[in-house]
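Input: a single structure, listed below in structure tokens.
The values are calculated or read from the model by the stated rules, or taken from the named source; none is laboratory data. Being a predicted model, the structure only gives us computed values, none of them experimental. Because the Cβ atoms are built from the backbone with ideal geometry, glycine has one as well, and the counts that use them run over all protein chains shown. Ligands, DNA and RNA are stripped out before the accessible areas are found, and what is left, the full protein with its side chains, is counted by its heavy atoms. Shrake-Rupley method; radii C 1.70, N 1.55, O 1.52, S 1.80 Å.
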Amino acid sequence: MTEPESIAPPVPIEVPKAPPRPRPGARRSPFPIEVFWPGWLGWPRRATLQQRLIWLTALAVATAVALTGIALYFATRHSLYEQLDNELLQTANLLSDQVASENDLSTVGGINPDSLQAANVVLALVQANLGVTTIPGETITYDTGAPEVTIARTGRGHSARSVVASDGELYRIVAVPLSGRDGYALVLGRSLRPTLATLRQMWGILAVVAITGVVAAAFSGMAVARSSLLPIRRLTAAVTRITETDELAPITAEGPAELAELASSFNSMVRTLANSRERQRRLIADAGHELRTPLTSLRTNIELLIADERSGMLPEGARSDILRDVAAQVGEFSALVQDLVQLSREGSVDLLREEMDLADVIANAVTRARRRGPTMFFDVTLEPHVMMGNPATLERAFTNLLDNAVKFSPNGSVIRVAMTDGLVTVADEGQGIAEEDLPHIFERFYRSDRSRNAPGTGLGLSIVAHTINAHGGWVKAGAAPGGGAEFTVYLPQEPQV
């Protein structure tokens, strides 16, 4: 038998990773950070705002110092070169008269080379035919060119430029026409070594000043960044404290105008959140208080029904009475839940506004109230009042007002509804509202002594107040002229901003 051939394990293939996709909805900046500060220059990609301020301050100062230093360097260089050119031209014009006065130009006016060396200048004559004559014994020469030859040929003007002499040093040379001699130009040069030494010394001083300025700017930027970002640190600490302790405590609004405004906005948000939490806490506490009694009664009735199912202890007809009581309590619970849902949506009516006629809304509410109070008489006077609002929530609010009037009015009494210029009044002929109850009539779950045994959840008038306030209006309660209660509602045609 032949042994099976061994199979080599597969070689893993490395698949290049695709670049990460941007998050849905994320906006990519058209100017990445590398455009302003390349990564190879050392900008930390995750630098804090304080670090970025320090970097930018130092960069701004460094740029300003560098530009100022470069401008100062070139301005000084130009001034030194101009001063040197003027000195050389003045000396060249004086020597031109002396050299031209001699008949034999081969000796270049018999000028002593030692005197020129003491003056640190080198002299030469350039002819129009490109010939160059130097002082006997002069060891330093330099190449002349077109500017000097042009002066010799034309006999007018002057030139100044920098050349490299035969000793390897850089010289500044000027050329002027030789006085009274056509075809000749006198060229005078001086070494640029002292000038360049001065410029190098100046460059070193500028570099030291620049480095000192950048370091000082970095420290000052650090101090400014720390003081300027102090409100942001307080804001961060406050957010962290709220996250960890759930304590809604405001912070001190200090610092520059923008940061102080940010702190004030944060404090406003904290106060709004604290008020919302307090309202929610009160609503839950009040709802729990109101639910406790009916829940106990409902549980007792259900336990009686269960016990009767086992022992038949209830007399004839009692079971039906208990079931009707349970149905009534369930109805009260349904109304309470509906009212609580309505209260939880307070403020959302702003999102559902549309153009509507308030007269139609009130007429629909009166129709519903007539069905609930068939023994009542309704005196209704309405006029058109077109406004922006939410028809459903406003109809619920006016239905609550009319239900309140039906509930506390005797049979056969008159309920009056009138509207003039957006001012709506709902008056009944009931027992009215006591003076001590008026300040609390629109509070949640508030019940006066007269209405303790009346049906209801205690949320109807609270819903009315929230709905009217959300539409930019107001509602108040008082006594009707002929006795009973009177509610006055005002709704503007345009929503209040």
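Ranked by the mean number of other Cβ atoms within 10 Å per residue, highest first, peptides 301-309, 424-432 order as 424-432, 301-309. If you add up the charges near V414, with Lys and Arg at +1 and Asp and Glu at -1, over every other residue whose beta carbon is less than 9 angstrom from its beta carbon, what do you get? That works out to -2.
Stretching V209 away from E355 to a fully extended chain increases their span by 45.4 nm, per 0.36 nm per residue minus the current alpha-carbon distance.
Accessible surface ranking for M222, M313, 1.4 angstrom probe, highest first: M313, M222. For the pair the stretch 54-86 / the stretch 134-184, the C-alpha centres are spaced 32 Å from each other.
Net length available on complete extension from D182 to T245 is 12.6 nm, with 0.36 nm assigned per residue and the Cα-Cα distance removed. Extension gain for the segment S268 to L314, taken as residue separation times 0.36 nm less the Cα-Cα distance, is 10.5 nm to one decimal.
Compactness ratio for the stretch 51-181: Cα radius of gyration over 2.2 N^0.38 Å (N = residue count) comes to 1.50. Net charge in the neighbourhood of H158 (other residues with Cβ under 12 Å of its Cβ; Lys, Arg +1, Asp, Glu -1) is 0. Could you pull out the GluC sites (Glu not before Pro) across the stretch 168-270 that fall in loop regions by DSSP (anything but H, G, I, E, B) with no more than 11 other Cβ atoms inside 10 Å? Here the sparse-neighbourhood loop sites are E247, E254. Other residues within the sphere of radius under 13 Å centred on the Cβ of A307, judged by their own Cβ, net out at 0 (K and R +1, D and E -1).
Set the Förster radius R0 to 51 Å, insert the Cβ-Cβ distance between D114 and L72 as r into 1/(1 + (r/R0)^6), and round the FRET efficiency to 0.05. The formula returns an efficiency of 0.85 here.
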